[in-house]
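**Q** Below are the structure tokens for one structure; questions will follow.
The values are calculated or read from the model by the stated rules, or taken from the named source; none is laboratory data. Computed from a prediction, not measured in an experiment: that's the story for all the values here. All Cβ positions, even for glycine, are placed from backbone atoms using ideal geometry, and neighbour counts span all protein chains on display. Ligands, DNA and RNA are stripped out before the accessible areas are found, and what is left, the full protein with its side chains, is counted by its heavy atoms. Shrake-Rupley method; radii C 1.70, N 1.55, O 1.52, S 1.80 Å.
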Amino acid sequence: MNYYNQIKEQLINNEIYKKVKDYSKNRSDLKTYYNVGKLLIEAQGGEERARYGDNLIKEYSEKLTKEIGKKFTPTLLRNIRQFYLIFQKYPTVSDKLSWSHYVEILSINNKNEINYYVNISIKLNLSVRELRYKIKNKEYERLDNDTKEKLFTIEENKVSDLIKNPILIKNSYNYTKITEKVLKQLILEDMDNFLTELGEGFCYIKNEYKIKLGDRYNYIDLLLYNIKYNCYVAVELKVTELKKEHIGQIKMYMNYIDKNIKNIHQDRTIGIIIVKKDNEFIMEYCSDERIFETSFILN
């Protein structure tokens, strides 16, 4: 069997198809690359030999580039081969993601982790850049084990489940001394990232949110809302270790919001305290079943 001619034919047909059927060129790319990946494996004598042999890849790269007129680099052909190796056991390859999305995933070996990034990319309509950021910052690895189990069952996630551990906050100015004011500034300057790290559905309302308790005004560091779980979220920032008065303070804020701000159709308020513990920041959620925690680091 002449594997090279078959590979060449597949790639030429794909280039022609993309010019004629531009609206479905992504589907054509994925199907063609999957088939070419399979042929490359067979041409190299099976999966085990294909993982280590690159001589044939280099030979085909030079010939394809010369004969088709498009640069089929060794890197591209290796990616095509890896694409088949990873996704050959999957029922389908979703054409909702581009080839560039799949290239970002090819270095991952864990099947569940691959599923996570494929599914979240489709669900959140992630750009390639956004997907790359999540993989680089090891988002899947920072989910707890219970959450990872829920991702592949019919069990519904809770508000706490998709919070990463640790949560990453960009230290844009490389501060060495972190005060509450500095921590808040870093969060506010990169609010999109902070909300993403918290999980799904979090929205920013206001910082230094003013409320009146008795005859005194108090200020909630950050007031958020979670549209998925239909509840307010009060966030307090502390750069000391967790103290009892911190919990008392956040509970007062939560009770105030429940009595004076939320309506009867909204769920009870969640409270978050960010504190310092063992030279790390941890996140504590306070209020019976709404108490969870995760580490918090600056990067």
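**Q** Give the calculated FRET efficiency between V239 and E141 to the nearest 0.05, with a Förster radius of 30 Å applied to their Cβ-Cβ distance.
**A** Efficiency, rounded to the nearest 0.05: 0.70.
**Q** I've got another one for you. Collect residues whose amide H, placed 1.01 Å from N in the peptide plane, falls under 5 Å from the amide H of E236; neighbours closer than 5 in sequence don't count.
**A** Amide H neighbours of E236, under 5 Å, 5+ apart: I272, I273, I274.
**Q** Please report, as a whole percent, how much of the solvent-accessible surface of the range 173-228 comes from carbon and sulfur atoms (probe radius 1.4 Å).
**A** The computed percentage sits at 48.
**Q** Could you give each residue of the range 175-189 its phi-based ³J(HN,Hα) in whole Hz, using Karplus coefficients 6.51, -1.76, 1.60 with θ = phi - 60°, and x for Gly or Pro?
**A** Whole-Hz 3J(HN,Hα) from phi for the range 175-189: 5, 9, 10, 9, 9, 4, 5, 5, 4, 5, 4, 5, 5, 5, 6.
**Q** Treat each spin label as a single point 7 Å out from the Cα along the C-beta direction, and report the N115 to R132 distance in nm.
**A** Result: 2.8 nm between the two label points.
**Q** Further question: How much accessible surface area, in Å² rounded to 10, belongs to the heavy atoms of R78 with a 1.4 Å probe?
**A** For R78, solvent-accessible area is about 80 Å².
**Q** Also, I was wondering about something else. Which whole-number percentage describes the relative contact order of the range 164-262, with Cα contacts under 8 Å and a sequence gap of 6 or more?
**A** About 20 percent, as a whole number.
**Q** Can you pull the percent of the range 60-100's accessible area that's carbon plus sulfur, 1.4 Å probe, other chains left in place?
**A** Carbon plus sulfur share of accessible area: 48 percent.
**Q** For the pairs K38/K66; K206/K259; K111/K150; K148/K184; K228/K251; K210/K262, flag any whose C-alpha to C-alpha distance is greater than 26 Å.
**A** Violating the 26 Å Cα-Cα cut-off are K148/K184.
**Q** Roll a 1.4 Å probe over the protein heavy atoms and report the accessible area of Y225 in Å², nearest 10.
**A** Its accessible surface works out to 30 Å², give or take rounding.
**Q** Along each of the three principal axes of the Cα atoms of the range 32-124, give the extent in whole Å, ordering the values from largest to smallest.
**A** 40, 29, 19
**Q** Also: For the range 198-254, what does the accessible surface come to per residue with a 1.4 Å probe? Please give it in Å².
**A** With the other protein chains kept in place, the range 198-254 gives 51 Å² per residue.
**Q** Using a simple spin-label model with points 7 Å from Cα along the Cα→Cβ vector, what separation in nm is obtained for Y217 and N255?
**A** Label at Y217, label at N255, 2.3 nm between them.
**Q** Further question on the same structure: From Cα pairs below 8 angstrom and at least 6 apart in sequence, can you work out the relative contact order of the range 54-142, rounded to a whole percent?
**A** Over the range 54-142, the number comes to 19 percent.
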